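Peer 1: Before anything else, here's the structure in question.
No lab work stands behind these numbers, since they all come straight from the coordinates. The model shown is predicted, which means the values in this text are computed figures rather than measured ones. Note that each Cβ is placed from the backbone with ideal geometry, even for glycine, and that neighbours are counted across all protein chains shown.
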Amino acid sequence: MLTSIVKLLQDRGALSVQEISLALGIESSALHPMLEMLVQKGKLLKVDLPCNTGCAGGCSKSDTMTFYKPS
């Protein structure tokens, strides 16, 4: 599965967690640890877009605001 994630991002460029989840048919809750592992291994880069909704507790749309791209 990790190889599929890297290949998808190499083919398509930067994608949000939601886009990766939909493309691979994986729940985002299962996807997050895999993405973090790939970041730690230096395979992917994580890009967080700033939340401009003014929410103090963090953005509730994190799966659409967090992107990953090949390193």
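Peer 1: Within the set of other residues whose C-beta is less than 10 Å from the C-beta of residue 69, count the net charge using Lys and Arg as +1 and Asp and Glu as -1.
Peer 2: +2
Peer 1: Sort 29, 71 by Cβ crowding within 10 Å, fewest neighbours at the top.
Peer 2: Fewest to most other Cβ atoms nearby, the residues stand as 29, 71.
Peer 1: With a point put 7 Å past each Cα toward its Cβ, work out how far residue 27 is from residue 49 in nm, to one decimal.
Peer 2: 2.6
Peer 1: Under 17 Å from the Cα of residue 7, which aspartates and glutamates turn up, not counting those fewer than eight places away in the same chain?
Peer 2: Result set, ordered by chain and number: 19, 36.
Peer 1: Roughly how many nanometres apart are two label points built 7 Å out from the Cα toward the Cβ at residue 62 and residue 4?
Peer 2: 2.4
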